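Only one structure is covered here, and it is reproduced in the block below.
The values are calculated or read from the model by the stated rules, or taken from the named source; none is laboratory data. Just so it is clear, the structure is predicted and the values come from calculations on it, not from any experiment. Don't worry about glycine lacking a Cβ; one is built from the backbone with ideal geometry, like all the others, and counts go over all protein chains shown. SASA here: full protein model, heavy atoms, side chains in, ligands and nucleic acids out. Shrake-Rupley method; radii C 1.70, N 1.55, O 1.52, S 1.80 Å.
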2 protein chains.
Amino acid sequence: MDNFDDILDNIKRYVPLNKKDEAEFTSIIQVKKVKRKEFIVEPDRTCTHQTYVLKGAFRSYFVNEDGIDHTIQFAIEDWFISDFNSYINQVPASLYVEALEDAVVQQIAFGDVEDLCQNNPKFERFFRLVAQKSFAFAQRRVLSNLGKSAQERYIEFQGQYPSIVQRVPQYALASYLGMTPEFLSKIRKRLATKS
Amino acid sequence: MDNFDDILDNIKRYVPLNKKDEAEFTSIIQVKKVKRKEFIVEPDRTCTHQTYVLKGAFRSYFVNEDGIDHTIQFAIEDWFISDFNSYINQVPASLYVEALEDAVVQQIAFGDVEDLCQNNPKFERFFRLVAQKSFAFAQRRVLSNLGKSAQERYIEFQGQYPSIVQRVPQYALASYLGMTPEFLSKIRKRLATKS
DNA sequence: CTAAAAAAATGAACTAGATTAAGAAATAAG
DNA sequence: CTTATTTCTTAATCTAGTTCATTTTTTTAG
């Protein structure tokens, strides 16, 4: 059967759930398989779901007028991903969310989540805590972008998310860190030869 | 007496409040006057409160090892400000929050807010919606930092927050936009002479 | 009103990182 | 396997933005 243990454990890191809560939550989950290079969100189409990654890897990114893309977020197992701005305001997306590997996801629809939150304060609380944590995280990223050099940003990310560094293409990582793939290549060489 | 109308109106943009809700909320508000250049948050001291600006202007900023400061956020009337990471995790702050003008603020303590949220789902919901909006905003800022040139970032900010541009010192704005004050000066001259 | 301090402007020299282009290596998918 | 495609590397050139040093302007607080 479907494995909802991981996503429930994720929630239980923030709020305790009894069997009834669990049933309520799992009843709104939709499971989906996604092939590598497939999009689960695309610009101009409203992002209707939050996506929990059960297996696989994703990235969300923005493509600007010049065709250059900027990675907003990566997500591997046990992470949520979406075009959050599109999702919470239910307006057309500006991002792509693309599978970097064949993947299995568990999705929850905006309307279902809002209903759930209205009916069960535990979930309202869960989504508050997650949003607050996400905001604090995003602020740290702003700080890192403002204050650090390209090399320092790479080293910091590598220290914090070694599994992501190994798993995603270098051009995607470069675009997350705000530099060109060529420059990231140069940094890696510099770091490798130095030690 | 104290004027709580503005802060209550702010909340009511997200959730409806009856008189009892209003009383519950205002009972935990602490009012404070702050002089220009005074800090309401400092590194290494835990940020115990969220601050609502009734009158005045603030900025939060980080000072790195080289003594260079990076502005994270501005706040004028009707905005909230804090070291959010310190506040929600109740860990020592890494930011300064400084008054740019003499100010009057209304503060709510972390513990009081958590109690309020547990007892009244309307406030849980309010803080969820605010956190989600803040997160979406922070993501847009990351995007803007990654994708745009210094001049584009300035023009964008100026279009979105003209009142802040006029009100805060240029060095603070430069440090928010991720450039040196000298370069911002150059951009402004370029834009002024071009038109 | 005025002296002192803070903020902004200017310009010359410099550099981190981008751009371009081409070849090498890795990976995917028949 | 094997070939087509995608990804990564390398190196030369270029530029947006920084640094540093000085001057001018604005603000502040007695």
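In region A:54-67, how many are within 14 Å of chain B (Cβ to nearest Cβ) and crowded, with 16+ Cβ neighbours inside 10 Å? The number of residues fulfilling the criteria is 4.
Within region B:18-74, being part of a loop (DSSP other than H, G, I, E, B), of a type in the set (Ser, Thr, Tyr) and within 18 Å of the chain's Cα centre (by Cα) holds for one residue alone: B:Thr48.
Among the residues of region A:87-105, is any without any contact (Cβ under 8 Å) to a residue 40 or more places away in the chain and within 10 Å of chain B (Cβ to nearest Cβ)? Yes, region A:87-105 has at least one match. When B:Arg125, B:Arg153, B:Arg167 are checked against the criterion of being of a type outside the set (A, V, I, L, M), within 15 Å of DNA strand D (Cβ to nearest atom) and more than 30 Å from B:Arg45 (Cβ to Cβ), a single residue qualifies: B:Arg153. Among the residues of region B:121-171, those that are under 15 Å from the mean Cα position of the chain (by Cα) and in contact (Cβ under 8 Å) with a residue 60 or more places away in the chain comprise B:Val130, B:Tyr161, B:Ser163, B:Ile164, B:Arg167, B:Val168. As for region B:42-50, it holds at least one residue that is in contact with a Pro (Cβ under 9 Å, 6 or more places away or on another chain) and basic (Lys, Arg).
Any idea which residue in region A:157-195 is most open to solvent (accessible area, probe 1.4 Å), counting only those that are among the polar types (S, T, N, Q) and part of a helix (DSSP H, G or I)? So, considering only residues that are among the polar types (S, T, N, Q) and part of a helix (DSSP H, G or I), the one most open to solvent (accessible area, probe 1.4 Å) is A:Gln166. Among all positions in region A:131-146, there is no residue which is at pLDDT 95 or above and closer than 23 Å to A:Asp21 by Cα.
Count of region A:22-53 residues, restricted to those that are open to solvent by less than 40 Å² (accessible area, probe 1.4 Å), free of Cβ contacts under 8 Å to residues at least 40 places away in the same chain and of a type in the set (Ser, Thr, Tyr), is 1. Here the condition is being over 23 Å from B:Glu38 (Cβ atoms), away from DNA strand C (no atom under 16 Å from the Cβ) and part of a helix (DSSP H, G or I); of B:Leu129, B:Leu146, it holds for B:Leu129 alone. As a summary of the residue check, A:Val104 satisfies the conditions (1) outside any strand (DSSP E or B); (2) open to solvent by 30 Å² or more (accessible area, probe 1.4 Å); (3) away from DNA strand D (no atom under 16 Å from the Cβ) except for the one numbered (1).
Conditions tested, residue by residue: (1) within 12 Å of DNA strand C (Cβ to nearest atom); (2) within 21 Å of B:Ile68 (Cβ to Cβ); (3) in contact with a Pro (Cβ under 9 Å, 6 or more places away or on another chain).
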residue	(1), (2), (3)
A:Ala150	yes, yes, no
A:Ile155	yes, yes, no
A:Tyr161	no, no, no
A:Val165	no, no, no
A:Ala174	yes, no, yes
A:Ser185	yes, no, no
A:Lys189	no, no, no
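Inspect all residues belonging to region A:118-140 and state whether any of them is in contact with an Asp or Glu (Cβ under 6 Å, 6 or more places away or on another chain), within 7 Å of chain B (Cβ to nearest Cβ), surrounded by 20 or more Cβ atoms within 10 Å (Cβ to Cβ) and not basic (Lys, Arg). Yes, because at least one residue in region A:118-140 is in contact with an Asp or Glu (Cβ under 6 Å, 6 or more places away or on another chain), within 7 Å of chain B (Cβ to nearest Cβ), surrounded by 20 or more Cβ atoms within 10 Å (Cβ to Cβ) and not basic (Lys, Arg).
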